[in-house]
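Undergrad: One structure follows; several queries about it will come next.
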Amino acid sequence: MYELPVVCAVCGLPEPEIFTIGGLRRTFCPSCHHSQRIDVEPFDYKGFAMGGAGRTPERLAAQAGFVAPHIADGARALEIGCAAGDLAEALRRRKTFSAYHGVEFSPARDIAATRMDRVFAKPVEDLLASGEVEAASYDLVLSSHCLEHLDSPSDVIAAMLRVMKPEAALFLEVPHRGGHARLPFDDNRSHIHFFGVSSLTRLLARHGLETRVAETGARLDERYSDSLRVLARRPAPLRADPSILSDHPKLAGVDKVVVWGAGRMVEEMLAHYFDPARIAFFIDKDEGKQASLRLGAPVRGPEALGAGSDWTVLINSLEFEAPIRAEIEQRFGARVARIIPISELLD
Ligand SMILES: [Zn+2]
């Protein structure tokens, strides 16, 4: 038996509540709701594969289905606690990887080695120190049902961050609190940390990682039928990008559009995500807006569509999309070649 410090490993609260289950003390943090053992029974991982349970095809497909949409083909992946490489195999059915490496201490790594490009048997910190793994070299780092076994999950997340490229994704899965919706706590002696949504996302945030997707109720097996899985990244910079709406395939081949609607969506949406050089002029029935400029283009009354032909009209309104479309078709049907509502560019 050994003791861990009585301080919340997630938020650092110095005096979390203490209670005893099965003769062993653990904490509960009233600030972030993390719970962790103080009294820990040593566990021999050499003969035990972490993540060894939950190898059903349904479970592996659910995990791979959660991760796959967030990575590109050709990614380099590192899975910490990869057990026999089942998740790697499931992911490789959905995506190509330029490299898929694993870390596993148990003998399961012999099987993993047949499914992955390389399997290491050292902690990530040691692999970085020896140069076997390079800093900032992976697009995806994964760890399933591993973090809850570690004395200091924070140290391991710090090591994961070091091997992640700036844009890389981190996938984690742990039991959600006790791991079973009907059982108030879990007394698995090899589990040291009991994460909730707030404590896991807070731990990641402390390391500068933003949780983009979180899911509870993920089934590992009967005992851990309520697992928590998250996908996190470093926060993306808040950058305007006119290509997001202007380069939509619906506008392919269109030089300039007439934007119907010079209201709030101009500043809130088009100013950030639509190239003003693609706007011929605005139309708005509010005479107070006519004769002014929006994004450098004039605002005119609807009759402006009566001059010229072959217009592409962008309906810049969600609430009034249907009546605007009806009015354009009725009054200017012969002059307008295409009507594209902004709802379609956002879809
Ligand atoms: Zn805490």
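The values are calculated or read from the model by the stated rules, or taken from the named source; none is laboratory data. Only a predicted model underlies this, so the values are computations on that prediction, with no experimental measurement involved. Cβ coordinates were reconstructed from backbone atoms using ideal geometry, including for glycine residues, and neighbour counts include every protein chain displayed.
Undergrad: From the list Ser98, Ser130, pick out the single residue that is polar (S, T, N, Q), within 28 Å of the chain's Cα centre (by Cα) and assigned by TED's automatic domain parsing to the domain that holds Gln63.
TA: Just a single option satisfies the conditions, and that option is Ser98.
Undergrad: Next up: Residue by residue through the stretch 83-105, note down the ones that are more than 13 Å from Ala61 (Cα to Cα) and touching a strand residue (DSSP E or B) at 6+ places or on another chain (Cβ under 9 Å).
TA: Those that are more than 13 Å from Ala61 (Cα to Cα) and touching a strand residue (DSSP E or B) at 6+ places or on another chain (Cβ under 9 Å): Ala83, Gly85, Thr96, Phe97, Ser98, Ala99, Tyr100, His101, Gly102, Val103, Glu104.
Undergrad: Within 16 Å of the ligand (Cβ to nearest atom), surrounded by 19 or more Cβ atoms within 10 Å (Cβ to Cβ) and modelled with pLDDT of 95 or more - does that describe any residue in the stretch 75-83?
TA: no
Undergrad: Being in a loop (DSSP other than H, G, I, E, B) and touching a strand residue (DSSP E or B) at 6+ places or on another chain (Cβ under 8 Å) is the filter; apply it to the stretch 29-39 and report the residue that is farthest from the ligand (Cβ to nearest atom).
TA: Looking at the filtered set, the residue picked out is Ile38.
Undergrad: Additional query: Which of the residues belonging to the stretch 197-217 are over 23 Å from Phe28 (Cβ atoms) and buried (at least 20 other Cβ atoms within 10 Å of the Cβ)? Write out each step before concluding.
TA: Let us first name the residues in the stretch 197-217 that are over 23 Å from Phe28 (Cβ atoms), namely 208-210, 212-213, 215.
Once the filter is applied, which keeps residues that are over 23 Å from Phe28 (Cβ atoms) and buried (at least 20 other Cβ atoms within 10 Å of the Cβ), the stretch 197-217 yields only Leu209.
Undergrad: With the requirement that a residue be acidic (Asp, Glu) and in contact with a helix residue (DSSP H, G or I) (Cβ under 8 Å, 6 or more places away or on another chain), what does the stretch 316-331 give you?
TA: Glu321, Glu327
Undergrad: Would you check which residues across the stretch 188-227 are assigned to a loop (DSSP other than H, G, I, E, B) and of a type in the set (Phe, Trp, Tyr) and list them? Can you show your working first?
TA: As a first pass, look at the stretch 188-227 and keep what is assigned to a loop (DSSP other than H, G, I, E, B): 188-192, 196, 207-209, 219-226.
Scanning the stretch 188-227 gives a single hit, Tyr224.
Undergrad: Which residues, taken from the stretch 146-170, are farther than 16 Å from Pro123 by Cα and either in contact with a Phe, Trp or Tyr (Cβ under 8 Å, 6 or more places away or on another chain) or of a type in the set (Val, Ile, Thr) (or both)?
TA: If the condition is that a residue be farther than 16 Å from Pro123 by Cα and either in contact with a Phe, Trp or Tyr (Cβ under 8 Å, 6 or more places away or on another chain) or of a type in the set (Val, Ile, Thr) (or both), then Lys165, Ala168 are the ones that fit.
Undergrad: Considering only the stretch 68-121, state which residues are among the β-branched types (Val, Ile, Thr), over 22 Å from Leu220 (Cα atoms) and touching a residue at least 60 places away in the same chain (Cβ under 8 Å).
TA: Within the stretch 68-121, just Ile71 meets the criteria.
Undergrad: Take the conditions assigned by TED's automatic domain parsing to the domain that holds Glu215 and either over 21 Å from Met160 (Cα atoms) or in contact (Cβ under 8 Å) with a residue 60 or more places away in the chain (or both) and apply them to Ala62. Does it pass?
TA: Yes, satisfied.
Undergrad: Taking Val133 as the residue in question, decide whether it is touching a Pro at 6+ places or on another chain (Cβ under 9 Å) and not in a strand (DSSP E or B).
TA: Spelling it out, it is not the case that Val133 is touching a Pro at 6+ places or on another chain (Cβ under 9 Å) and not in a strand (DSSP E or B).
Undergrad: For the stretch 144-178, what are the residues that are buried (at least 19 other Cβ atoms within 10 Å of the Cβ) and among the acidic types (Asp, Glu)?
TA: Within the stretch 144-178, Glu148, Glu173 meet the criteria.
Undergrad: Something else about it: Please indicate, with yes or no, whether at least one residue in the stretch 230-249 is within 30 Å of Glu3 (Cα to Cα) and within 16 Å of the ligand (Cβ to nearest atom).
TA: Checking the stretch 230-249: not a single residue is within 30 Å of Glu3 (Cα to Cα) and within 16 Å of the ligand (Cβ to nearest atom).
Undergrad: Taking the conditions exactly as written (within 19 Å of Leu345 (Cα to Cα) and in a loop (DSSP other than H, G, I, E, B)), does Val254 satisfy them or not?
TA: yes
Undergrad: Across the stretch 12-28, which residue is farthest from the ligand (Cβ to nearest atom) among those that are in contact with a Ser or Thr (Cβ under 7 Å, 6 or more places away or on another chain) and part of a loop (DSSP other than H, G, I, E, B)?
TA: Pro16
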